[in-house]
Amino acid sequence: MVALLASAGITETVLPLETIRQVITAKTQAIIDGLSDVGRLTHLAHRVTEDDVTERADILFRHNKRVAEESLLREMQSLGYSVTHIQITDPVVLREIRERADWSALKIGQTYNYDLAKAVRGIIEDTPTANRWVIAHRLGIWESARNDWKEDQIGTTETYWSRHHAIMEFYRLNNIEVRAWFGHSLICEQCQEIAAGNPYTLEQAEAIGLHHVNCRDRWDMEDPHPEDLPPLEDLWWAQQ
């Protein structure tokens, strides 16, 4: 996805929904235009629709909201607050989670349609005489193999994003001074480079964020001094 968007000179982190739609749709359509009639019809039959994107967005919203609530709960309990349940009701936070869900669902759907077009093209190039039944059969194999890793990537990316933003908001909005440490898996060179600079201020950690899709590293906060913690009744924790 990053490479696809970067090829158009656009950075993923600043893209509005409509720009994502336009960039990937144009690249997908360029491939579709070069397909045979049977290839175009097969792509049309298997593509992700707007309804599919809406359904995915709703699923992601519920997932990300639950992860944010669980992350806030664990963080507050680790600091000694007597909290047993969190339900996010802050409209600003809910809007941020919804916007992320919509953004991710559109990316996922548009990227699938782009990958699908490339897969159809590859099948036809490999077997020019393939009819729609042959193409559909081979697409089933392709999709199964893709889902084996893609759904895990989506789940990891969304889970870590939700945890990251919930915890960052908690410390920032409560004006709790902490030092942030980056790490966990550190399996890629970029993340190793970030970890080499530990620790960071909260502002620096927010600016760096999570470095890439499917990143399994995270920011953990050094325990603040107890006297720096506000009482529970003065605490922001995503509830009105």
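Can you work out which of the residues in segment 221-234 that are surrounded by 15 or more Cβ atoms within 10 Å (Cβ to Cβ) and at pLDDT 90 or above is farthest from Asn174 (Cα to Cα)?
Result: Met221.
Yes or no, residue by residue, for (1) farther than 24 Å from Gly155 by Cβ; (2) buried (at least 19 other Cβ atoms within 10 Å of the Cβ); (3) assigned by TED's automatic domain parsing to the domain that holds Val93:
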position	(1), (2), (3)
Met168	no, no, yes
Arg172	yes, no, yes
His184	no, no, no
Cys191	no, yes, no
Ala195	no, no, no
Asn198	yes, no, no
Glu203	yes, no, no
Ile208	no, no, no
Asn214	no, no, no
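Can you find, within segment 95-140, the residue that is surrounded by the most Cβ atoms within 10 Å (Cβ to Cβ) among those that are under 22 Å from Thr49 (Cβ atoms) and among the β-branched types (Val, Ile, Thr)?
Only one residue fits best here, namely Val120.
For segment 43-54, which positions are surrounded by 15 or more Cβ atoms within 10 Å (Cβ to Cβ), β-branched (Val, Ile, Thr) and assigned to a helix (DSSP H, G or I)?
Of everything in segment 43-54, just one residue is surrounded by 15 or more Cβ atoms within 10 Å (Cβ to Cβ), β-branched (Val, Ile, Thr) and assigned to a helix (DSSP H, G or I), namely Val53.
Only one of Arg100, Arg121, Arg138 is assigned to a helix (DSSP H, G or I), touching a residue at least 40 places away in the same chain (Cβ under 8 Å) and under 23 Å from Leu41 (Cβ atoms); which?
On inspection, the qualifying residue turns out to be Arg121.
Let's see how each residue does on (1) closer than 18 Å to Glu151 by Cβ; (2) part of a helix (DSSP H, G or I); (3) hydroxyl-bearing (Ser, Thr, Tyr):
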residue: Leu41; (1), (2), (3): no, yes, no
residue: Ser71; (1), (2), (3): no, yes, yes
residue: Met76; (1), (2), (3): no, yes, no
residue: Ile108; (1), (2), (3): yes, yes, no
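Looking only at segment 151-171, decide whether some residue is out of contact with any Pro (no Cβ under 8 Å at 6 or more places or on another chain), farther than 25 Å from Ser71 by Cα and in a helix (DSSP H, G or I). Spell out the reasoning first.
Here is the first cut: in segment 151-171, the ones out of contact with any Pro (no Cβ under 8 Å at 6 or more places or on another chain) are 151-171.
Restricting the remaining residues to those that are farther than 25 Å from Ser71 by Cα gives none.
No, the conditions are met nowhere in segment 151-171.
Is there a residue being of a type outside the set (Val, Ile, Thr) and within 23 Å of Leu139 (Cβ to Cβ) anywhere in segment 56-68?
yes
Could you go through segment 162-172 and let me know if any residue there is under 29 Å from Asp102 (Cβ atoms), within 16 Å of the chain's Cα centre (by Cα) and among the aromatic types (Phe, Trp, Tyr).
no
What are the residue pairs meeting all of these: first residue in segment 211-224, first residue farther than 16 Å from Cys188 by Cβ, second residue among the charged types (D, E, K, R) and surrounded by 15 or more Cβ atoms within 10 Å (Cβ to Cβ), Cβ atoms under 8 Å, and 6 or more apart or on different chains?
Sorted first by the residue in segment 211-224, then by its partner, the pairs are Met221/Glu75; Met221/Arg179; Glu222/Arg179.
Assuming Lys27 fulfils every condition listed in (1) under 21 Å from the mean Cα position of the chain (by Cα); (2) among the basic types (Lys, Arg); (3) at pLDDT below 95 apart from one, which condition is it?
(1)
Out of all the residues in segment 225-240, which are under 26 Å from Gly209 (Cα atoms) and free of Cβ contacts under 8 Å to residues at least 40 places away in the same chain?
His225
Run Ser162 past the list (1) surrounded by 17 or more Cβ atoms within 10 Å (Cβ to Cβ); (2) within 23 Å of Val83 (Cβ to Cβ); (3) modelled with pLDDT under 90 and report the number of the one that doesn't hold.
(3)
The values are calculated or read from the model by the stated rules, or taken from the named source; none is laboratory data. All figures in this text were calculated on a predicted structure; none of them were measured in a lab. A quick note on method: Cβ atoms are made from the backbone with ideal geometry, for glycine too, and the neighbour counts reach across all protein chains shown.
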